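The next block holds one structure in the form of structure tokens; read it before the comments.
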Amino acid sequence: MQLDESPLELLRAENEQINPAIILAERLMRREAAELLSVEEVNEAEKILAIGTQEIETIESHQKAFQKSPASAIDYVPVGF
Amino acid sequence: MTGLVLATAEDGKPIFGFGERLVHSLEYLRFKAKSHNALYACETVSRVVSEQHKYRLYIEMFPKDWERSTKSLYRAGYFKAYSERTNEFFQLTNDKRFPLLEYWHDDPDLELERFAIPPMNFDLCCEEVDFAHLRDSYLAGLIFYFLEDAEILNYFSEKYGLDRESLPPIKTAHQNIWKEKHGAKSKPFSDLIRLVDHSTGNPWLDITNCQYPDLFEWDKETVDWLTEAYKAANQYFKNLEQLDRRIEEDAQTFFCELISFWNTGRVGSEGHKVSDE
């Protein structure tokens, strides 16, 4: 991470993807609970959970950075104004 | 009956009918309404994995009950964070293995990802000595911990004519009483003092109400270990029966031997020490 990068630049540099926990949760909710998950599936779920949680924390840290950013004027008038 | 419960076939196995499918669908729709919420998705994954872990444990520990079960895998049970099936697993553990659903666990909002066990032993720090319910031998063991309180010895004087004046004075505990191995004569005294002292190594006997409870994991090794420890804890109390009989037969000799063991680490009245080592 470059210290001189703005919160916006840092956010733009992040990978854009749907949180993998959402995709896994969808898959788990569709399956029958009586079909037990295998050990491999549980391990995979735990990995995805770690990634999903990490992603949430990353987003929260970006949000905090934005909230701390001072307001600054732009050098053009946005369309509609 | 609402008609939404699970039907069972002639062989007793559940038929996952309309009711169960409906509950599953409602559960899915509830999830879909929040499906783009990553936090909720993480919670959902955790909950499903946790529940699956408990289903696996249920099958491993109580396979016949699992096959016969008609409890829903989706509808929330008494403990709201878990399905009726998982609640059934908790109940079976309580009924067939060890007390689980009492003492700490009486709140339906509770999460039982890890669990505490209730203490089985008398609490030295905050309980009143209960003369009506404690065994006589256990009360005898308490004399070393309530030295300033004559109430226990008075109880034995009144009940068994114990002559308190002729008992040897109680000194500091001899370090040998904590030895792992004892002979046949001193072993019952050693067991009694370990029990009263909460030093048995058995969690059911050593924990107290006043300490933050140890939390146990839901895995087969832990559940099996706690099951065996629970049986051993009950055996500990059962073994006190023989000491109770000795008090009934000759309380004076019993107390002389017990105090001698405490003072010297050996069995035998003061001045007539009989070592069984």
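The values are calculated or read from the model by the stated rules, or taken from the named source; none is laboratory data. Computed from a predicted structure; not experimentally measured. Neighbour counts run over all protein chains shown; Cβ positions are idealised from the backbone, glycine included.
Scan region B:76-96 for residues that are outside any helix (DSSP H, G or I) and closer than 21 Å to A:L36 by Cβ and report the count.
Total satisfying the criteria: 6.
When you look at A:L37, is it surrounded by 15 or more Cβ atoms within 10 Å (Cβ to Cβ) and farther than 30 Å from B:Y28 by Cα, yes or no?
Here the answer is no, as A:L37 does not meet what is asked.
Out of the helices (runs of 4 or more DSSP H) lying entirely within chain A, which hold 3 or more residues that are more than 9 Å from chain B (Cβ to nearest Cβ) and under 15 Å from the mean Cα position of the chain (by Cα)?
Where helices (runs of 4 or more DSSP H) fall fully within chain A and carry at least 3 residues being more than 9 Å from chain B (Cβ to nearest Cβ) and under 15 Å from the mean Cα position of the chain (by Cα), they are A:7-13, A:39-68.
Would you mind telling me which numbered condition in (1) among the polar types (S, T, N, Q); (2) modelled with pLDDT of 95 or more; (3) surrounded by fewer than 16 Cβ atoms within 10 Å (Cβ to Cβ) B:T93 fails?
Every listed condition holds for B:T93 apart from (3).
Report yes if some residue within region B:206-215 is touching a helix residue (DSSP H, G or I) at 6+ places or on another chain (Cβ under 6 Å), at pLDDT 90 or above and of a type in the set (A, V, I, L, M); otherwise report no.
Scanning region B:206-215, I find no residue that is touching a helix residue (DSSP H, G or I) at 6+ places or on another chain (Cβ under 6 Å), at pLDDT 90 or above and of a type in the set (A, V, I, L, M), so the answer is no.
Does A:A65 qualify as being under 16 Å from A:L8 (Cβ atoms) and in contact (Cβ under 8 Å) with a residue 24 or more places away in the chain?
The answer is yes for A:A65.
Find the residue count for region B:165-188, including only residues that are within 19 Å of B:D250 (Cα to Cα), in contact (Cβ under 8 Å) with a residue 12 or more places away in the chain and of a type in the set (K, R).
1
Pick from region B:19-39 the residues that are over 39 Å from the mean Cα position of the chain (by Cα) and at the interface with chain A (Cβ under 7 Å from one of its Cβ atoms): which of them is modelled with the lowest pLDDT?
Checking each candidate, the answer is B:S35.
Return a yes/no flag: does region B:133-143 have any residue that is assigned by TED's automatic domain parsing to the domain that holds B:N209, buried (at least 20 other Cβ atoms within 10 Å of the Cβ), in contact with a Leu (Cβ under 9 Å, 6 or more places away or on another chain) and in a loop (DSSP other than H, G, I, E, B).
Within region B:133-143, one or more residues are assigned by TED's automatic domain parsing to the domain that holds B:N209, buried (at least 20 other Cβ atoms within 10 Å of the Cβ), in contact with a Leu (Cβ under 9 Å, 6 or more places away or on another chain) and in a loop (DSSP other than H, G, I, E, B).
Can you tell me which residue within region B:40-75, out of those that are part of a helix (DSSP H, G or I) and among the hydroxyl-bearing types (S, T, Y), is nearest to the other protein chains (Cβ to nearest Cβ)?
My answer is B:T44.
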